[in-house]
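Chemist: Handing you this structure, nothing more for now.
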Amino acid sequence: MNTPLVSLAPASSGHLEAISALQREQLFAAANYHALRTPGATLELRVGIGSITQMPALTDAGTVDGSALEGEPAFTVEVRSLAVGSMQASPPERPVIRWIRLGHADATPATTEPPAPASLPRRVYRELERRAPIVLDAARETIMRRRERAISGPLPRYPEGAAAAHGRAALDSWRHTPAAAPSDAPPAVLFGLHWLQTGGAERWAVETIQLAKNAGLLPVVVTDQNSVHPWLTRPELEGCIIIAQSFRGHLHELDIALTHAILENFNLAGVMLHHCQWLYLSLPWVAEHRPELPVIDSLHIVEYLGGGYPGLAAQYDAFVDTHHAISPELVRWLTEVQGIAARKVALAPLTALTVDSSADFTGRDPRNPFTISFVGRLSRQKRPDVFLMLVHRLQRSGIPFRAIMHGDGEMRDVVHGLIDQFGLRGIIEQRYEETPVSETLAETNLLVVTSINEGITLTTFEAVAAGVPVLSADVGSQRTIVQGDMLAPRPARPFIKAAASVISKLAADEQLREQRWNEQRERVAEFGELQSAHEWMKETFSQWHA
């Protein structure tokens, strides 16, 4: 389990045995936050369990005023904060009460996806998503092109821009100087993560946490997006300090008091950002009080709405020593479009997250139908609806084939509706996280990437490494590996037309399919000659611990 910053009263231990391992980790993640905010205090944690559709409430205002719980707590846990702090002369004499709502034992990221606002445009969008996805994609493409133009020039630098304005009030109001960390504190790394659930960026973030542990550094991991955090129980997080922030709105108030407490309690050797708005907004304050700390962010994908996290990286470039980029296209955007100095950008691909790319081609048994697969989150970025429209076109063409959709997410209900609408029951097989991706790839003849935006997908590397060629939309830096007729136009109509044509050819010509895979394997091997992100980060952490 993650390392708690509290000592548990003996009488409270029985309550922990009655909840799931994930719920215990959620509780410790909440306790760590409140221990840092109330150093030395006795904490009375009144704990409730949410419904299957509710997010946990671990740190937000509801945990202070009691509104996090709708009824009586299921149980109460008493702990003592082991944190230190300069903000108070002595711990409070009376217990500090906090109300904590844990996630339901069966809650998942899919069940806790908050409902969208019931505005007229949103209702129209949802109706188009269910009834006319091809029309919706055309409208979405128009919006995408406008957003592409909006980020085709330099973005504002701190202190300008919306993100800086959001955090500046908290920065300006917090004038306290943090004390030095305890002299006996072990060297640590502050990690800022989006959340702890399935995702390519999260896989890499968790790997870097393990690399830090291997280097003898204590990972202090802070997430800033609501989730049930199903990865809290992963072995890479064993022995780490985990703090999972929760909040009521998407743009939560910047909690500089948390940053202050972290600097006072941990002997930080460096800062590592993985898609974390809270930590970007905290960087000016960290730089003011710990200017010697090296700061690295890891960037994957340019979002068309404001640039996403690479956009934040550009805005806060003055406070970042090195921007780690996973693809050549991202390097180009950071340096040529955003004007970031090339010496500050390190290209190191995530090739080490996949299996060895020297595997052999996976031949197809001609007695079996040609199998195409979608592997990824059921999210609007991944466009599972476009995959289903492709399957529907192939079904009408009479090509004998089979389809697998492997993933889960907020579009699960839309996907189910489209499967029924297109009459795809019995043609498409749905799989979820409990099935290993390797098992799906072993049955796949062609991986199809339908995303509207990407960096380079990890599934592309995984498929090629498993002996499976990839057909992809022309997005992000996918063309680094996928080229020629295997790279289809991004808009849904031309993508589906081009993809159906390629699939028809590959299904009829096994030699052509092997040739396309060989071409992609050669590009993977060439790309793999670059120092991998794994090795680059391993060297970085060894220097931080020197």
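Chemist: Can you find even one residue in segment 43-53 that is surrounded by fewer than 21 Cβ atoms within 10 Å (Cβ to Cβ), part of a helix (DSSP H, G or I) and polar (S, T, N, Q)?
Modeler: no
Chemist: Output the residues belonging to segment 163-217 that are in a loop (DSSP other than H, G, I, E, B), within 22 Å of the chain's Cα centre (by Cα) and among the hydroxyl-bearing types (Ser, Thr, Tyr).
Modeler: Thr198
Chemist: Is it the case that some residue within segment 31-44 is farther than 23 Å from Ala9 by Cα and out of contact with any strand residue (DSSP E or B) (no Cβ under 7 Å at 6 or more places or on another chain)?
Modeler: Checked against the condition, which is being farther than 23 Å from Ala9 by Cα and out of contact with any strand residue (DSSP E or B) (no Cβ under 7 Å at 6 or more places or on another chain), segment 31-44 yields no hits at all.
Chemist: Sticking with this structure for a sec: Taking the condition within 16 Å of Leu390 (Cβ to Cβ) and either crowded, with 18+ Cβ neighbours inside 10 Å or in the same structural domain as Ile326 (by TED's automatic domain parsing) (or both), does Val415 pass?
Modeler: Answer is yes for this residue.
Chemist: If you don't mind, there's one more thing I want to ask. Give me a count of the residues in segment 18-37 that are of a type in the set (A, V, I, L, M, F, W, C), part of a helix (DSSP H, G or I) and over 16 Å from Phe266 (Cα atoms).
Modeler: The number of residues fulfilling the criteria is 7.
Chemist: Among the residues of segment 147-162, write down those that are assigned to a helix (DSSP H, G or I) and either of a type in the set (S, T, N, Q) or modelled with pLDDT of 85 or more (or both).
Modeler: Arg149 - this is the single residue of segment 147-162 that is assigned to a helix (DSSP H, G or I) and either of a type in the set (S, T, N, Q) or modelled with pLDDT of 85 or more (or both).
Chemist: So, one more: Would you pick out the residues in segment 233-279 that are within 21 Å of Arg37 (Cβ to Cβ), in contact with an Asp or Glu (Cβ under 8 Å, 6 or more places away or on another chain) and not basic (Lys, Arg)?
Modeler: Listed by number, the residues that qualify are Ile242, Gln245, Ser246, Phe247, His252, Cys276, Gln277, Trp278, Leu279.
Chemist: Within segment 275-313, track down each residue that is touching a helix residue (DSSP H, G or I) at 6+ places or on another chain (Cβ under 7 Å), assigned to a helix (DSSP H, G or I) and within 25 Å of Ser532 (Cα to Cα).
Modeler: Answer for segment 275-313, where residues must be touching a helix residue (DSSP H, G or I) at 6+ places or on another chain (Cβ under 7 Å), assigned to a helix (DSSP H, G or I) and within 25 Å of Ser532 (Cα to Cα): Tyr280, Pro310, Leu312.
Chemist: While we're here: May I ask you to list the residues in segment 28-42 that are surrounded by fewer than 23 Cβ atoms within 10 Å (Cβ to Cβ) and either assigned by TED's automatic domain parsing to the domain that holds Ala261 or out of contact with any Gly (no Cβ under 6 Å at 6 or more places or on another chain) (or both)?
Modeler: Arg37, Thr38, Gly40, Thr42
Chemist: Which numbered condition in (1) in contact with a helix residue (DSSP H, G or I) (Cβ under 7 Å, 6 or more places away or on another chain); (2) within 25 Å of Asn267 (Cβ to Cβ) is the only one that Leu155 fails?
Modeler: So Leu155 meets the others, but not (2).
Chemist: Would you say Thr63 is at negative phi, out of contact with any Phe, Trp or Tyr (no Cβ under 6 Å at 6 or more places or on another chain) and not in a loop (DSSP other than H, G, I, E, B)?
Modeler: No.
Chemist: How many residues does segment 148-163 contain that are aromatic (Phe, Trp, Tyr) and farther than 12 Å from Leu312 by Cβ?
Modeler: 0
Chemist: Which of the residues belonging to segment 498-519 are touching a residue at least 60 places away in the same chain (Cβ under 8 Å) and surrounded by 14 or more Cβ atoms within 10 Å (Cβ to Cβ)?
Modeler: Within segment 498-519, Ala499, Ala500, Ile503, Ser504, Leu506, Ala507, Glu510, Arg513, Glu514, Trp517 meet the criteria.
Chemist: Return the only residue of Ala179, Ala185, Ala170 being touching a residue at least 12 places away in the same chain (Cβ under 8 Å) and in contact with a Phe, Trp or Tyr (Cβ under 7 Å, 6 or more places away or on another chain).
Modeler: The match here is Ala185.
Chemist: Considering only segment 419-442, state which residues are in a helix (DSSP H, G or I) and closer than 23 Å to Thr362 by Cα.
Modeler: Val437, Ser438, Glu439, Thr440, Leu441, Ala442
Chemist: Sticking with this one: Out of the residues in segment 364-400 meeting the condition of being of a type in the set (Lys, Arg) and assigned to a loop (DSSP other than H, G, I, E, B), tell me which one is nearest to Ala201 (Cα to Cα).
Modeler: That would be Arg377.
Chemist: Can you find a residue that is within 19 Å of the chain's Cα centre (by Cα), assigned by TED's automatic domain parsing to the domain that holds Leu441 and farther than 16 Å from Thr457 by Cβ anywhere in segment 386-408?
Modeler: Yes; the residues of segment 386-408 include at least one that is within 19 Å of the chain's Cα centre (by Cα), assigned by TED's automatic domain parsing to the domain that holds Leu441 and farther than 16 Å from Thr457 by Cβ.
Chemist: Sticking with this one: How many of the residues in segment 252-274 are aliphatic (A, V, I, L, M) and not in a helix (DSSP H, G or I)?
Modeler: 6
Chemist: Can you go through Ser81, Ser12 and tell me which one is touching a residue at least 40 places away in the same chain (Cβ under 8 Å), surrounded by fewer than 18 Cβ atoms within 10 Å (Cβ to Cβ) and of a type in the set (Ser, Thr, Tyr)?
Modeler: Ser12
Chemist: When you go through Arg80, Arg94 one by one, which is the residue that is over 19 Å from Arg248 (Cβ atoms) and not in a loop (DSSP other than H, G, I, E, B)?
Modeler: Answer to the selection: Arg80.
Chemist: Related question: Looking only at segment 529-544, decide whether some residue is farther than 16 Å from Ile326 by Cβ and of a type in the set (Ser, Thr, Tyr).
Modeler: yes
Chemist: For segment 443-499, give me each residue that is part of a helix (DSSP H, G or I), over 21 Å from the mean Cα position of the chain (by Cα) and β-branched (Val, Ile, Thr).
Modeler: Within segment 443-499, Val464, Thr480, Ile496 meet the criteria.
Chemist: Also: Looking only at segment 432-442, count how many residues are modelled with pLDDT of 95 or more and surrounded by 14 or more Cβ atoms within 10 Å (Cβ to Cβ).
Modeler: The qualifying residues number 2.
Chemist: If you don't mind, there's one more thing I want to ask. Could you give me the residue pairs with C-beta distances under 6 Å whose first residue belongs to segment 223-242 and is in the same structural domain as His194 (by TED's automatic domain parsing) and closer than 20 Å to Asp255 by Cα, whose second residue is small (Gly, Ala, Ser) and at pLDDT below 95 wherever it lies, and which are 6+ apart or on separate chains?
Modeler: Asn226/Ser246
The values are calculated or read from the model by the stated rules, or taken from the named source; none is laboratory data. Only a predicted model underlies this, so the values are computations on that prediction, with no experimental measurement involved. All Cβ positions, even for glycine, are placed from backbone atoms using ideal geometry, and neighbour counts span all protein chains on display.
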